[in-house]
Amino acid sequence: MRQPNFTEKLKTLCKTLLGRTALWLQLTIFMVLITTLVAGYLIYKDYTSTRNLTINNQINTTDKILKLELENLDNYLLDLANFCIQPYYDSRFTRIVEQSTPLSAEQLSYAKQQMFYYYYTRNDILDYELYLIHQDLSIGRTNGQQHIITQEVAPEGVNEALMDCEESSMNHSIKASDTFTGLIYYHSLFQIKGRISQAIVRLKLDDTYAKQLMENHAEHNEIIVFLNDKDEIVFSNNAELPDNCQEFLAALSERKQQKNGYETVEFTGQSFLLVEKFSQSTGIRLVSLTPLSYIDSQIGKLRQSILISGVWVWLFTILLIYMLLRLLTIPLRMLATQMQKTGEGDFRARIHVTGSIEVCELSESFNSMVAHIDQLIKRTYVAELSEKDARLAALEAQLNPHFLYNTLQAVSTEALVNDQPQIHRMVTALAANLRYTIKGDTLVPLKQEISYVNDYIFLQKIRMDDALEFISHIDPATEDCLIPKISIQTLVENSIIHGKSGNMDKICIEVSAKYNDRNVIIMVRDNGCGITPQRLEQLYTDFALQKTTGEYGGIGLANLHSRIQLLYDEPASLDIHTRETQYTEIVLTLPVMKGVPHV
């Protein structure tokens, strides 16, 4: 024997538990589970929506701030570029810059004087140097010196800066200062013809701009980074970031695009919200990294509030569900109690419960059922008491047809004695039909049924005169076949009653019987008014529903169809072929049966 698997055992256990649990408790548990799932989903959706909204607001705010700061920085750098090319506004100074022969004392003094004036036109410059490439001479003020001096040595990093300037569309290069708070700005001076660099200006700027930028992003541990066009960190508010520049750039390259459209990076073991702005003109980038932990902390209180509200709503909903289910199931429990009493034999009590329409209808149906059962029981007792009288009445009823048949025989003899052959024939035919109908046979030979039909037609012709014509074609081989009693007569009578319309002078009825394989085919055809499609459809519906009455044909056709279905084990059918105002043909197909008629 196959052992049940785990699934089958679990199903059996669940059915057992459900069978031992009250309906209200089952519904309560089910509704609690559904409510819990829905509440959890809504809380999660609410929290997720709030978090996404907070992130979007943070992104939009940071994006606007960075955009304004980048515009200010572009303007600031453009202003520095204009400052650096001031020597070219002075033709004498321009000749000094482009001169390839050693400078005279007067030229050098003039250059130092102009550099002094330029230096004091701005208050954000800490160092100001002009390196003349052809002279290999540096003129400027550095390291807090009080005067403009000259040095026959190239400033540190000037060669690299010169190459960066030549590659830049702005002819500048931005580098980090040694403190990573200010910045060093380089700008090359060149001849327009051939773009040959003649000199390079080096500016060391104070930390005014850097401090302002860091103040704007000092909250919630935001990291702000200023990158030049070489992806080098110029300055940042994170002091450790310049030492981790490669790690930072790698994190930027591995940024993740989230499904809600924002970008995040993983850096120093944390997740950051990334917002950056890039300048097409200067090639610099401003990058903002906001810790996602800050976003979560911002909505932490809101999350707690959402959770508490959700729990209260859940508890209130569960209470309402419990009260509602108890209200709905109490009437059912009362009804079940009364049904138990009825099952024990108490049919007098009635139940009157209120609630929903369905419960009220169920209560009324139950009361009606109990009353009906009580009435049936009483009727059964009465029937048992009067059974003997009913049997006696049935025996007495059987005597009446025999009395009528004997009387008709006496009338027939009297008509023959008084020379009335027509009356004798009529009474004899009527008596034969009466005797045929009171016989107890269920199946009769076909020749007996045809004889009965001939007597029936004889009586109908006397009534209808020439308005009725009858033709029969009976295969002799079918005469001993057993067919249902009064089957052909039912079809003929149906043709006479329903086939003749008011405007017809005469109706012709044709009866035929023949073999077809193992069946006997009986056909009754008339040239009457036919059957409408609606009435024909209703007839077949009555056949399918095993009705014994019908709109068309009274009880005849429906009754005959039900009889042949009950009498034969093999398939038997009654088919109707008709055309309105032309004809009706009814075909009775029966299995061949011969022998002693069934009683």
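Here are the numbers for the structure shown:
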| quantity | calculated |
| --- | --- |
| LEU130 being hydrophobic (A, V, I, L, M, F, W, C), under 18 Å from LEU189 (Cβ atoms) and touching a strand residue (DSSP E or B) at 6+ places or on another chain (Cβ under 6 Å) | yes |
| Residue check for SER412: modelled with pLDDT under 70, in a helix (DSSP H, G or I) and surrounded by 14 or more Cβ atoms within 10 Å (Cβ to Cβ) | yes |
| Filter result (of a type in the set (S, T, N, Q) and buried (at least 16 other Cβ atoms within 10 Å of the Cβ)) within the range 140-149 | THR142 |
| Number of the condition not met by ASP465 [criteria: (1) in contact (Cβ under 8 Å) with a residue 40 or more places away in the chain; (2) on the phi > 0 side of the Ramachandran plot] | (1) |
| Residues of the range 251-308 classified as closer than 30 Å to THR36 by Cβ, out of contact with any strand residue (DSSP E or B) (no Cβ under 6 Å at 6 or more places or on another chain) and in contact (Cβ under 8 Å) with a residue 24 or more places away in the chain, total | 9 |
| Pairs with Cβ under 7 Å, 6+ apart, first in the range 54-68 and in a helix (DSSP H, G or I), second open to solvent by 40 Å² or more (accessible area, probe 1.4 Å) | THR54/GLN298; ILE65/ASN216; LEU66/LYS277; LYS67/LYS277 |
| Count - residues of the range 29-68 that are open to solvent by less than 70 Å² (accessible area, probe 1.4 Å) and touching a Lys or Arg at 6+ places or on another chain (Cβ under 7 Å) | 2 |
| Residues of the range 69-115 that turn out to be farther than 14 Å from PHE190 by Cα, assigned to a helix (DSSP H, G or I) and open to solvent by 80 Å² or more (accessible area, probe 1.4 Å), as a count | 8 |
| Given (1) of a type outside the set (S, T, N, Q); (2) open to solvent by 20 Å² or more (accessible area, probe 1.4 Å); (3) at pLDDT below 80, index of the condition GLU585 fails | (3) |
| Residue under evaluation ASP389, criteria (1) modelled with pLDDT of 70 or more; (2) open to solvent by 90 Å² or more (accessible area, probe 1.4 Å), criterion not met | (1) |
| Count of the range 276-312 residues which are under 24 Å from LEU68 (Cβ atoms) and among the β-branched types (Val, Ile, Thr) | 5 |
| Residues of the range 477-493 that turn out to be farther than 22 Å from GLU580 by Cα and open to solvent by 50 Å² or more (accessible area, probe 1.4 Å), as a count | 2 |
| Residue satisfying all of: in the range 494-518; at pLDDT below 90 and under 19 Å from LEU443 (Cα atoms); most open to solvent (accessible area, probe 1.4 Å) among these | ARG518 |
| Cβ pairs under 6 Å, 6+ apart, first in the range 471-497 and closer than 13 Å to LEU560 by Cα, second part of a helix (DSSP H, G or I) and open to solvent by 60 Å² or more (accessible area, probe 1.4 Å) | PRO484/ARG563 |
| Candidate set from the range 304-336 (those that are exposed (fewer than 11 other Cβ atoms within 10 Å of the Cβ) and within 30 Å of LEU362 (Cβ to Cβ)); member that is modelled with the lowest pLDDT | MET323 |
| Failed item, numbered, when TYR436 is tested on (1) more than 60 Å from the chain's Cα centre (by Cα); (2) at pLDDT 85 or above | (2) |
| Test for ASN228: is it open to solvent by 20 Å² or more (accessible area, probe 1.4 Å) and not aliphatic (A, V, I, L, M) | no |
| Top-ranked residue in the range 205-225 [being in contact with a helix residue (DSSP H, G or I) (Cβ under 7 Å, 6 or more places away or on another chain) and in a helix (DSSP H, G or I); ranked as most open to solvent (accessible area, probe 1.4 Å)] | ASN221 |
| Selection within the range 460-471 - surrounded by fewer than 15 Cβ atoms within 10 Å (Cβ to Cβ) and among the hydrophobic types (A, V, I, L, M, F, W, C) | ILE462, ALA467, ILE471 |
| Considering residues of the range 425-447 that are open to solvent by 70 Å² or more (accessible area, probe 1.4 Å) and not hydrophobic (A, V, I, L, M, F, W, C) only, the residue nearest to LYS506 (Cα to Cα) | ARG425 |
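The values are calculated or read from the model by the stated rules, or taken from the named source; none is laboratory data. Nothing here was measured: the structure is a model prediction, and the numbers come from that model. Quick reminder, even Gly has a Cβ in these numbers, built from the backbone with ideal geometry, and neighbours come from all protein chains shown. For the accessible areas, the whole protein counts, side chains as well, though only heavy atoms, and no ligand, DNA or RNA atoms are used. Shrake-Rupley method; radii C 1.70, N 1.55, O 1.52, S 1.80 Å.
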